[in-house]
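See below for the structure under consideration.
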Amino acid sequence: MAAPVLAGPVVCGTTLEAPTVRGQMGTDAAAGPVEVTRCGVVQTTPQLMERRFYSYTAPFARGVSLTNQITDLFGIAMGGGDGTRVMGFGFPDQTIIWDGTAVQNTYQVLLQQQSDPMPWRTGDVSNGYSGSLGSGGAVTQSSYRAPVRGLW
């Protein structure tokens, strides 16, 4: 009996591709488009941020091991999530800066993915100085204009 396999969620995408089919006698015969499906593992945002946070330094439990303390003494950064891969030459304070930069860059990309590239624009609002108090030029509900989208 085979051992059970653990699998996480995946996202699949299907595309149409134009293949070349080998015909008889070594000639190429053109065929119609073929559906090709490719799947990739889904990574959640918390998993991504945790992976980025431990890019160059080991998690605490692994970071206090004898091996990691010796490598810290000689300025060898052990990281990669489990703390067993050599990530470069840098003392612990430098690896904290590297991890902070990785987290900052990931954070910026996540914010850009959430924001709409087209900004909201609003119509001009009266500044209140174009009339006098005696003229009755008070701002009313009907003078408010809803935001409009720019076409650029």
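Which residues, counting only those in region 15-37, are modelled with pLDDT of 75 or more and loosely packed, with under 10 Cβ neighbours inside 10 Å?
Residues of region 15-37 modelled with pLDDT of 75 or more: 15-18, 32-37.
Those that are modelled with pLDDT of 75 or more and loosely packed, with under 10 Cβ neighbours inside 10 Å: LEU16, GLU17, ALA18, GLY32, GLU35, THR37.
Between a residue in region 57-86 that is on the phi > 0 side of the Ramachandran plot and any residue that is crowded, with 17+ Cβ neighbours inside 10 Å and assigned to a helix (DSSP H, G or I), which pairs come within a Cβ distance under 7 Å, given they are 6 or more apart or on different chains?
Close Cβ pairs (under 7 Å, with a partner that is crowded, with 17+ Cβ neighbours inside 10 Å and assigned to a helix (DSSP H, G or I)) amount to GLY83/ARG62; GLY83/GLY63; GLY83/ASN68.
So which helices (runs of 4 or more DSSP H) are wholly in region 36-102 and hold at least 3 residues that are over 30 Å from THR15 (Cβ atoms), touching a strand residue (DSSP E or B) at 6+ places or on another chain (Cβ under 9 Å) and polar (S, T, N, Q)? Spell out the reasoning first.
Numbers: elements: 45-53, 60-63, 66-73.
Fully inside region 36-102 and qualifying: 66-73.
Anything in region 40-50 that is modelled with pLDDT of 85 or more and exposed (fewer than 11 other Cβ atoms within 10 Å of the Cβ)? List them, or say none.
Step one: filter region 40-50 for residues modelled with pLDDT of 85 or more, giving 44-50.
Answer for region 40-50, where residues must be modelled with pLDDT of 85 or more and exposed (fewer than 11 other Cβ atoms within 10 Å of the Cβ): THR44, THR45, PRO46.
The values are calculated or read from the model by the stated rules, or taken from the named source; none is laboratory data. Not measured: the values here are computed from a predicted model. Glycine gets a Cβ as well: all are built from the backbone with ideal geometry, and neighbour counts include every protein chain shown.
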